[in-house]
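Notes to accompany the following structure.
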């Protein structure tokens, strides 16, 4: 009985990768999709093939028999729904996006390692993980982490959204439980 209890305590809770949409603005989602699709030739073969296959199978763009032949901006706009609905597509897009920001990726990995986050090695394809963990260190708000990254990368052109997305991706976590705690405390204080 003790072994079962210990096993349950160690079991991580996961949300599917497309749960990122609850934390992402529509305009930023489109920015990420456009960047990845525009620079798909610079992405590793695994994610590149997965993205192309999913677009071909599940995205219909008027005027194109093969949606992959549409202009990048048109593809990005028409893949937003797929990004919201498909955990596999969301994961492939974010993995590809992270590879387009190598300095930010390394900086965030270094920062989270110093903060004692349990991380998969940097070279791991995170799109192969079961999803996002839901437990987020309470003191590591996006504002705190953004400031720490900017101190390590003075003069960076990375946006706050880029830094936050990289933290979520490299940390393999969504701040889901923090919002649940805030809702519970807010409801309790009313």
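One line per residue, one yes/no per condition, for (1) within 25 Å of residue 132 (Cβ to Cβ); (2) out of contact with any strand residue (DSSP E or B) (no Cβ under 9 Å at 6 or more places or on another chain); (3) free of Cβ contacts under 8 Å to residues at least 60 places away in the same chain; (4) surrounded by 14 or more Cβ atoms within 10 Å (Cβ to Cβ):
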{"position": "25", "(1), (2), (3), (4)": "yes, yes, no, no"}
{"position": "29", "(1), (2), (3), (4)": "yes, yes, yes, yes"}
{"position": "54", "(1), (2), (3), (4)": "yes, yes, yes, yes"}
{"position": "57", "(1), (2), (3), (4)": "yes, yes, yes, no"}
{"position": "64", "(1), (2), (3), (4)": "no, yes, yes, yes"}
{"position": "71", "(1), (2), (3), (4)": "no, yes, yes, no"}
{"position": "76", "(1), (2), (3), (4)": "yes, yes, yes, yes"}
{"position": "79", "(1), (2), (3), (4)": "yes, yes, yes, yes"}
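Only one entry in 134, 108 is modelled with pLDDT under 95 and in contact with a helix residue (DSSP H, G or I) (Cβ under 7 Å, 6 or more places away or on another chain), namely 134. Applying the set (1) touching a helix residue (DSSP H, G or I) at 6+ places or on another chain (Cβ under 7 Å); (2) closer than 25 Å to residue 42 by Cα; (3) modelled with pLDDT under 95 to residue 100 leaves exactly one unmet item: (3). Scanning the stretch 120-140 for residues being in contact with a strand residue (DSSP E or B) (Cβ under 7 Å, 6 or more places away or on another chain) and farther than 16 Å from residue 22 by Cα gives a total of 1. If you go through the stretch 136-155 and pick out every residue that is surrounded by fewer than 15 Cβ atoms within 10 Å (Cβ to Cβ) and part of a loop (DSSP other than H, G, I, E, B), you end up with 5. Considering the conditions (1) outside any helix (DSSP H, G or I); (2) more than 23 Å from residue 49 (Cβ to Cβ); (3) in contact (Cβ under 8 Å) with a residue 40 or more places away in the chain, residue 122 is excluded by exactly one of them, (2).
The values are calculated or read from the model by the stated rules, or taken from the named source; none is laboratory data. What you see is a predicted model, and the numbers here were worked out from it, not measured in a lab. Cβ: placed from backbone, ideal geometry, glycine included. Neighbour counts: every protein chain shown.
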